[in-house]
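Q: My questions all concern the structure below.
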Amino acid sequence: MSREPNYEFQEWWNKQREKNHDFFTNYSNNANEGFLTVEIRSLNPDLTTEKDRSRSARQLSWICLLRFQQLANSLAWITNSFLLLLRTANRRISAADSPSGSSASRLYRIIKFFLFLVVLLLCIELVAYFKGWHFSPPSAASAEAAVELFYALWLEIRADYLAPPLQSLANVCIVLFLIQSMDRVLLMLGCLWIKIRRIKPTASMEYPIGRVEIGNVDDYPMVLVQIPMCNEKEVYQQSIAAICIMDWPKERMLVQVLDDSDELDAQNLIQAEVQKWHQRDFQPAPDFLKKTIPHFKGNDDLALVQARWAFVNKDENLLTRLQNINLSFHFEVEQQVNGVFINFFGFNGTAGVWRIKALEDCGGWLERTTVEDMDIAVRAHLCRWKFVYLNDVKCYCELPESYEAYKKQQYRWHSGPMQLFRLCFLDILHSKCIRSHFQTGRAVGLTKS
């Protein structure tokens, strides 16, 4: 049974070949291909397009719903955080009613009043923004509503009473910034000069390296080593042990453990470890005393020999790396330049050797501030004692690795100097030590190496 040829299909096939002439030519010219690939397309593309458009609209609606849900979650989170902040602030402020002293409660009352005033002024600013008063500020004479009158008065107060002192404070901050910048530039130039001229403190004598025989200890002065501790449960063993390897005659060295621990377990552990000696927090080398003590020979006005800190955990995390950059500038530039040119710098609290006569002359250790080291350094300088900084003698220590420990350290380092400033400011003004110090301009044991 014969079939008639399908002229419609043949006509459609010829049209497709004309449309895709290049496509069929490339495949026909390829000698490696033994077959012809034909791409068959749908005859009704409009139906597929309409179907895709309908799906896109549905997907768009779902995306909008998801966006609204995310926005609602964000608003709920912000609201909960704000409420939590208010509850925390209320709890902290209400704690002022506890028996902590009248000054603290008065401070919290001032904080409450200031917070209420700030919120009130913020509401007034929002009303002024929506009313358009920022573009055409009202005056007190033309004000109609109470809010408008209050806003006009607030503008006058800001312009007449708040703006001038704030501008003055801004100018003072600019001047202080310029002074500090000049100080940093001078310190760096001084450090560069020290490096070029190879200036460093030199001792008039040196002690031999190695253990000292029993009969040859008369040339070694008596040294008192103090190890301060406070609840050092993790580091007390290492904090007490390095003294055992100190290269110094044991009969010429007295060791004191200054334990301020308020925990009974820590006290028992430190007492049990008192026969060994070290400080992990600060680890002096065995020859630490032999490198620092000789600088006191022939320098009767020398009170302190300070060594440099080096950090064993400086690459632990980002926080320790940033602290290492900051403190390295402090020791390499500030301490060294001040020690070379003016023989004064702040005692770092450890890794230093003090002359006992200087401690007695300036009143000894006092507990009036949280920075006893800086306090005694200022008082010793006012009594005309001189300091020497050894940049090549290192004492290893650890940096705070967590933010909580770093915050506690920085609070003590920043609050203590303000306390000391209030206590010593008048003494510094009345002292003639600074004037005579710059007139003499004599450095202690400084030579070129």
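Q: Of all residues being at pLDDT 70 or above and of a type in the set (Ser, Thr, Tyr) in region 217-269, which is farthest from Lys290 (Cα to Cα)? Just the residue, please.
A: Ser261
Q: Looking at region 133-180, which of its residues are hydroxyl-bearing (Ser, Thr, Tyr) and open to solvent by 80 Å² or more (accessible area, probe 1.4 Å)? Before the answer, list the steps.
A: Filtering region 133-180 down to residues hydroxyl-bearing (Ser, Thr, Tyr) leaves 136, 139, 142, 151, 161, 168.
Matches in region 133-180: Tyr161 only.
Q: So, restricting to helices (runs of 4 or more DSSP H) that lie completely within region 304-369, which ones have at least 3 residues that are out of contact with any Pro (no Cβ under 9 Å at 6 or more places or on another chain) and surrounded by fewer than 15 Cβ atoms within 10 Å (Cβ to Cβ)?
A: Details: elements: 318-329, 336-341, 356-361.
Filter on region 304-369 gives 318-329, 356-361.
The values are calculated or read from the model by the stated rules, or taken from the named source; none is laboratory data. Predicted, not measured: the structure shown is a model, and the values here were computed from it. No Cβ is skipped: glycine too gets one built from the backbone with ideal geometry, and neighbour counts run over all protein chains shown. Heads up: the accessible areas ignore ligands, DNA and RNA and are worked out on the full protein's heavy atoms, side chains in. Shrake-Rupley method; radii C 1.70, N 1.55, O 1.52, S 1.80 Å.
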